[in-house]
Amino acid sequence: MGGEDNRFGVWRVTRFYVPLMLQAFSQSISYPLVASIVTHGPLGVNALTGFAQGQAVMFMIGLLGGGLVTTGMVHAHDWSGYRAFRRLNTWMMVSLLLLQCVPAIHPFDKLVFRGALSLSPELAEIARWTLLGGVVMNGGFFLRNLPLVVLFNNLESGKANNATLVRIALTLLCALVFPRLGLVGPWWGLAAMSAGVLVEWLVTWRYARPYVRALKTAKGDLPWKRHRPDDILAAKRRWLLVAGQFRFMLPLSLGAFVLAISPLAIAGFVGRAAFSPEVMLATHYVTIGVANPVGFAALRMQAVAIAFPPAYPGDRRTLWYALLAGAVYGGALLVFSMPAVADAYFGVYQNVKPEHLGYARSAIAAYCLWPVLQAVRARAEGLAAVRKRPSAVMAGQFAYLLSLVAALAAMLYLGVVGWKMAVFGTYAATLATIAVIYAALAGHRTTLKL
């Protein structure tokens, strides 16, 4: 990737970004789709709390490999880099899937779900089995990293999006059919999600195979087969490639791990709020199920910043593009706060009680500026990756968690209503992330000038 392909142009960037946005949106939209399967079980909307908490722990562990895709986009542009990345991805997958099983084993499950997350015994058991059963789904995400990186590096985001559309279509089909067949509750929701992820991986790999073959037949890469006198040197260089990619990935993944703790932190504080904590937690989960798809779509601006790096000092064209995209997403969230839409989605589809619909409408409206900040943050993270400054991203994500916890603690002390704690804590954390990353990049430029 390079040359004419990665010059900034509104149409060129849009053609690359829109499939990424649709992919992120459709990936995230599968969660509220599956929520309709979960919430129509015996425990109603409360089951979603246990299901979501189990998945939150799963994603927190999985995000120890959260820097893998960015690492592949920066380093896997030839056969040697791809092979090193494949090996790194495999090691991370095996290690983290084993780690995922640990919190589901007695007595760790009680410490995590009943202790740290303050779940009732019934909901803690749902969370535990959701975490354990999620090994299949999380494995699918890791397997998908390889073809996804290959497609992104060839600016084929549209093909990656096609695979995700297949996933969302299958998930939608399950969401429509399962309740009619009486297949409801957390286990069937997890089954629907897992099936969609595995099918998406297979379709993505089918699209990526020609590009992988092209990498393999390219000349000038390091040897990977032991058939030359300098086998020992070649093997050493292979391991150095893997180690170099791991060092690049580690700050990104540690930062992503810290970021993944944030939903648990929100749940921990909201669950201790003085006013109706169970109602506030349920409100948080059904509204974040709408806000998150939009937020994740805005975060895809990171890939745009990597694929279309600044052409000259002070080039801020991707920043203006990010601001505009974020504003469009914010408008979409406001639509969900309209009475007719909110009543249909939250009241009918997500089974929220009529007396609690006002909380959901207010919360989703309050999130309307968040996508703008998410897009700006993603652009900053992309710039840090291009400049090979993953530590700046990690610092920003640590700032996210610290600011979130500080804001939540202050609001809990002041007796703020639970849904407001979640919304305004998220704003404070995102703003802190942007400030820290830009400060780190500015300091790096000053150091280079000196």
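What the table shows:
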quantity	calculated
Answer residue from segment 93-123, given it is touching a Phe, Trp or Tyr at 6+ places or on another chain (Cβ under 7 Å) and part of a helix (DSSP H, G or I) and is modelled with the lowest pLDDT among those	Val102
Residues that are surrounded by fewer than 24 Cβ atoms within 10 Å (Cβ to Cβ), touching a residue at least 60 places away in the same chain (Cβ under 8 Å) and among the hydrophobic types (A, V, I, L, M, F, W, C), drawn from segment 308-337	Ala311, Leu319
Residue within segment 412-427 that is closer than 18 Å to Ile306 by Cβ and at pLDDT 85 or above present	no
Single condition Gly314 does not satisfy, out of (1) at pLDDT below 85; (2) within 21 Å of the chain's Cα centre (by Cα); (3) of a type outside the set (Phe, Trp, Tyr)	(2)
Any chance Tyr345 is touching a Ser or Thr at 6+ places or on another chain (Cβ under 9 Å), surrounded by fewer than 24 Cβ atoms within 10 Å (Cβ to Cβ), closer than 23 Å to Pro32 by Cα and modelled with pLDDT under 85	no
Helices (runs of 4 or more DSSP H) enclosed by segment 349-450 - at least 2 residues per element that are open to solvent by 40 Å² or more (accessible area, probe 1.4 Å)	357-366, 390-414, 418-449
Breaking point among (1) within 21 Å of the chain's Cα centre (by Cα); (2) closer than 28 Å to Phe275 by Cβ; (3) touching a residue at least 60 places away in the same chain (Cβ under 8 Å), for Cys368	(3)
In segment 291-309, the residues that are touching a Leu at 6+ places or on another chain (Cβ under 7 Å) and closer than 25 Å to Asn46 by Cα	Ala291, Val294
Hits in segment 132-159 - residues which are at pLDDT below 85 and either in a helix (DSSP H, G or I) or open to solvent by less than 10 Å² (accessible area, probe 1.4 Å) (or both)	Ser157, Gly158
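Condition check ((1) modelled with pLDDT under 80; (2) surrounded by fewer than 21 Cβ atoms within 10 Å (Cβ to Cβ); (3) in contact with a Gly (Cβ under 8 Å, 6 or more places away or on another chain)) across all residues:
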site	(1), (2), (3)
Met1	yes, yes, no
Asn6	yes, yes, no
Val10	no, yes, no
Ser30	yes, no, yes
Ile37	no, no, yes
Val45	yes, no, no
Gln53	no, no, no
Met58	no, no, yes
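Here's the yes/no breakdown for (1) surrounded by fewer than 21 Cβ atoms within 10 Å (Cβ to Cβ); (2) in contact with a strand residue (DSSP E or B) (Cβ under 8 Å, 6 or more places away or on another chain); (3) under 21 Å from Leu264 (Cβ atoms); (4) of a type in the set (Ser, Thr, Tyr):
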{"position": "Gly81", "(1), (2), (3), (4)": "no, no, no, no"}
{"position": "Val94", "(1), (2), (3), (4)": "yes, no, no, no"}
{"position": "Leu97", "(1), (2), (3), (4)": "yes, no, yes, no"}
{"position": "Pro103", "(1), (2), (3), (4)": "no, no, yes, no"}
{"position": "His106", "(1), (2), (3), (4)": "yes, no, yes, no"}
{"position": "Leu119", "(1), (2), (3), (4)": "no, no, yes, no"}
{"position": "Glu122", "(1), (2), (3), (4)": "yes, no, yes, no"}
{"position": "Thr130", "(1), (2), (3), (4)": "no, no, yes, yes"}
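To keep it simple, each residue is scored yes or no on (1) of a type outside the set (A, V, I, L, M, F, W, C); (2) over 17 Å from the mean Cα position of the chain (by Cα).
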position: Leu146; (1), (2): no, no
position: Phe152; (1), (2): no, no
position: Leu155; (1), (2): no, yes
position: Ala160; (1), (2): no, no
position: Leu170; (1), (2): no, yes
position: Ala175; (1), (2): no, yes
position: Arg180; (1), (2): yes, yes
position: Val184; (1), (2): no, yes
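The values are calculated or read from the model by the stated rules, or taken from the named source; none is laboratory data. Since this is a predicted model, take the numbers as computed values, not measurements. Heads up, the Cβs are rebuilt from the backbone with ideal geometry, glycines too, and the neighbour counts pull from every protein chain shown. These area figures cover heavy atoms from the full protein model, side chains too; ligands, DNA and RNA do not enter into them. Shrake-Rupley method; radii C 1.70, N 1.55, O 1.52, S 1.80 Å.
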